[in-house]
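The values are calculated or read from the model by the stated rules, or taken from the named source; none is laboratory data. All values reported here derive from a predicted model rather than from experimental measurement. Note that each Cβ is placed from the backbone with ideal geometry, even for glycine, and that neighbours are counted across all protein chains shown.
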Amino acid sequence: MAGKTLYDKLWDDHLVKQREDGSALIYIDRQLLHEVTSPQAFEGLRLANRKPWRIDANLATPDHNVPTTDRAKGIEGIVDPVSRIQVETLGKNCDEFGILEFKIMDKRQGIVHVIGPEQGATLPGMTIVCGDSHTSTHGAFGCLAHGIGTSEVEHVLATQCLVQQKMKNMLVKVDGKLGKGVTAKDVVLAIIGKIGTAGGTGHAIEFGGEVLQNMSMEGRMTVCNMAIEAGARVGMVAVDGTTIDYVKGRPFSPTGENWDAAVKYWRTLHSDLDAVFDKVVELDGSEIKPQVSWGTSPEMVADVTGNVPDPAKEEDPIKREGIERALKYMGLQANQAITDIKLDRVFIGSCTNSRIEDLREAAVVVKGRKVADSLKQAMVVPGSGLVKAQAEEEGLDRIFLEAGLEWRDPGCSMCLAMNADKLGQGEHCASTSNRNFEGRQGFGGRTHLVSPAMAAAAAIAGHFVDVRELLN
Amino acid sequence: MRAFTQHQGLVAPMDRSNVDTDMIIPKQFLKSIKRTGFGPNLFDELRYLDEGKPDQDSSQRPLNPDFVLNQPRYKGASVLLARSNFGCGSSREHAPWALDDYGFRVIIAPSFADIFYNNCFKNGLLPIVLEEKVVDKLFDEAEVLEGYQLTVDLEAKTVITPSGESFSFDVDDFRRHCLLNGLDDIGVTLEDAELIKSYEDQRRKTAPWLFGASQ
Ligand code: SF4
């Protein structure tokens, strides 16, 4: 019999019941909650007179709606009354059901996908869910992490299980060595550019190969974060020494005997050598260049040294129309050099790229330089209160402020513009977030997805530049 | 949950691939803590010429005449014909809530994004995957014939055109069963409460570090 993939192992270890119709009940070890996708779930519990199955499996924080300035005022600082009600509702629900919440004034508050790993609430081998598609981030720890809808949030609260169909196995293998200035973000954008936004649909993707093995945990989180942009609900990386070192000593991590037992188990969390994947995609890491998205779908990416595509050269009519529509929305010309795209704003943040390494990567580029006068705004939004504190301890805030970038409080911010941070109509933004859909960062806004280093370089130049030139 | 057995309704063709959840319901409307009332803001940025705000009376807003659902012939449509990778993007269940609230019961496409597909079933909405060339054909017919209706039979797993042509589709048995009977998923799972408990007891022994948040 062929060996098991990492996904097979995680699946088998959490299988409560395999039903005859092909669906299965999977036990969920951890649920993360935030204010946008949970209110209707709690309401559902109340209406049906149900209680949460296991309170200690849940951890909550507000992130999508929180302001990134003036946080001393707490909830009162949320100007939009509808946003405020949502954050207050999360607080009330957590209090009512006894669920641990890092509230808006808590130093540990932050984007759910940043705080889970930071707290050790994300541990290898867990099944993790959250009412947010970027839950795939946690797969970096060898977890089976799914983004779910609100009905499923309620289902997991009530039963500690999720009804699932087993997915297919896909391996994305990136070998070779990354060049200087090429980051995890470029790797994942290159992968999406290659397989497309539906390339992983129906599959659980394991990211592997030399590049992933040499990557830090934060880099792996960036890659897994965007598995969903490749169509896969689940992205994963095998557990190794890097994973275990990262987890050690965090507030929710096991200690003593439990730690030893856990490590022993975690060491088994990798695909067997003879495991068979339904689909394998290989990339050469040494060929990946810094990436910039030019269109309105994450698969619409190009090398920074490249050009915006020409729809006339596309043979598939549906694709051609997609390119034409994207160019029109983005206000770009066919064949235009990527480095000719001028920017209005720069956003460094989101669950993809707001961790300490991301901020360091951006700080190196802007240090001793100044943001271009032509920009309306360049801002840095750390992923959590603790990331913020750490960055300030390292003096990164000073570097950003001296260069002319704004230094904000933690939250989702301009990643989806549910709070006050957003793009104006027609504005181009170099953004370290994960989605460049129409209107994502504000009505009529134009998003270009890039790495923190590339965003920082763009802030200095006022247009895209190859960050490798600034690093020499 | 509302049961779904058979449905016959007017078809609206939305000729665009990769329709994402931000398009289906933009973020400013996700601030609601309710499940209802999203219909007027379905496809907000495509449907209206101005920028939509929560708590606004959408009936007074300028409509985009080019958007398919604004064409009088598609008024009252309940079957949405779509292109590949429909519903990609976020996990927001507000997307199916908005489609449902607008009056759609069925969405037909060559492929759907996983999370969206799954979310539909939880809300009595039926997503149907048909082969690309079949979808092409339905697009052609729906665009040519005014008042074009399709009949969907979930029991028989078929889509039937006005000329009587029938196409069968696949749907997994559990989801079909729940939808046909309007079953509450949670109730079904809780029938296995004992099994969940015994799994959990076992896990407490083999992986004690997963229980009790230590801080
Ligand atoms: S940072 Fe953006 S993608 Fe991440 S959870 Fe927040 S809104 Fe979603």
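Some observations on this one:
- Qualifying positions in segment A:117-135 - within 11 Å of the ligand (Cβ to nearest atom) and within 24 Å of B:Pro208 (Cα to Cα): A:Cys130, A:Thr135
- Hey, A:Leu100 more than 16 Å from the ligand (Cβ to nearest atom), at negative phi and crowded, with 22+ Cβ neighbours inside 10 Å or not: no
- Boolean, A:Ala326 is more than 16 Å from the ligand (Cβ to nearest atom), within 14 Å of chain B (Cβ to nearest Cβ), assigned to a helix (DSSP H, G or I) and at pLDDT 95 or above: yes
- Flag for A:Gly395 being free of Cβ contacts under 8 Å to residues at least 24 places away in the same chain, away from the ligand (no atom under 16 Å from the Cβ) and either within 14 Å of another protein chain (Cβ to nearest Cβ) or among the small types (Gly, Ala, Ser) (or both): yes
- Segment B:92-107, subset touching a residue at least 60 places away in the same chain (Cβ under 8 Å) and closer than 24 Å to A:Gly196 by Cα, residue farthest from the other protein chains (Cβ to nearest Cβ): B:Ala95
- Yes/no for A:Ser151 being more than 16 Å from the ligand (Cβ to nearest atom), small (Gly, Ala, Ser) and modelled with pLDDT under 95: yes
- Looking across segment B:16-55, just one residue is aromatic (Phe, Trp, Tyr) and surrounded by fewer than 20 Cβ atoms within 10 Å (Cβ to Cβ), and that is B:Tyr48.
- In segment A:433-451, of all residues being of a type in the set (Lys, Arg) and outside any strand (DSSP E or B), the one that is farthest from A:Ile191 (Cα to Cα) corresponds to A:Arg440.
- Qualifying positions in segment A:154-208 - surrounded by fewer than 24 Cβ atoms within 10 Å (Cβ to Cβ), over 17 Å from A:Ala227 (Cβ atoms) and away from chain B (no Cβ under 14 Å): A:Asp175, A:Gly176, A:Lys177, A:Leu178, A:Gly179, A:Lys180, A:Gly181
- When A:Asp21, A:Asp13, A:Asp29 are checked against the criterion of being modelled with pLDDT of 95 or more and over 30 Å from A:Cys415 (Cβ atoms), A:Asp13 stands alone in meeting it.
- Tally of residues being within 12 Å of chain B (Cβ to nearest Cβ), part of a loop (DSSP other than H, G, I, E, B) and within 11 Å of the ligand (Cβ to nearest atom) across segment A:404-432: 5
- Taking segment A:239-280 as the range and being within 23 Å of A:Leu59 (Cβ to Cβ) and among the polar types (S, T, N, Q) as the test, the residues that pass are A:Thr243, A:Ser253, A:Thr255, A:Asn258.
- A:Pro81, sole failed condition from (1) away from the ligand (no atom under 16 Å from the Cβ); (2) at pLDDT below 95; (3) touching a Ser or Thr at 6+ places or on another chain (Cβ under 9 Å): (3)
- Any hit, segment B:61-80, residues being within 14 Å of chain A (Cβ to nearest Cβ) and closer than 25 Å to A:His155 by Cα: no
- Test: residue in segment A:310-326 that is closer than 30 Å to A:Ala403 by Cα and exposed (fewer than 15 other Cβ atoms within 10 Å of the Cβ): no
- Residues that are within 16 Å of the ligand (Cβ to nearest atom) and either among the aliphatic types (A, V, I, L, M) or away from chain B (no Cβ under 12 Å) (or both), drawn from segment A:434-451: A:His448, A:Leu449, A:Val450, A:Ser451
- With respect to (1) facing another protein chain (nearest Cβ under 10 Å); (2) in a helix (DSSP H, G or I); (3) within 20 Å of the chain's Cα centre (by Cα), the lone exception for A:Ser151 is condition (3).
- Within segment A:1-51, considering residues that are within 18 Å of A:Asn169 (Cβ to Cβ) and in contact with an Asp or Glu (Cβ under 7 Å, 6 or more places away or on another chain), the one nearest to the other protein chains (Cβ to nearest Cβ): A:Gly22
- Some residue of segment A:316-326 being of a type outside the set (Gly, Ala, Ser) and touching a residue at least 24 places away in the same chain (Cβ under 8 Å): yes
- Picking from residues in segment B:157-173 that are over 26 Å from A:Met167 (Cα atoms) and among the β-branched types (Val, Ile, Thr), the one that is nearest to the chain's Cα centre (by Cα) is B:Val159.
- A:Ala362 vs. criteria in contact (Cβ under 8 Å) with a residue 12 or more places away in the chain and farther than 18 Å from A:Asp106 by Cβ: yes
- Scanning segment B:187-199 for residues that are more than 7 Å from chain A (Cβ to nearest Cβ), assigned to a helix (DSSP H, G or I) and under 25 Å from A:Gly44 (Cα atoms) turns up B:Gly187, B:Val188, B:Ala193, B:Glu194, B:Lys197.
So that you can scan it fast, the table gives a plain yes or no per residue for (1) among the charged types (D, E, K, R); (2) in a helix (DSSP H, G or I):
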residue	(1), (2)
A:Lys107	yes, no
A:His113	no, yes
A:Ala121	no, no
A:Thr135	no, yes
A:Ala145	no, no
A:Leu157	no, yes
A:Val174	no, no
A:Gly181	no, no
A:Lys185	yes, yes
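- If you go through segment B:133-159 and pick out every residue that is within 14 Å of B:Val106 (Cα to Cα), hydrophobic (A, V, I, L, M, F, W, C) and surrounded by fewer than 17 Cβ atoms within 10 Å (Cβ to Cβ), you end up with 0.
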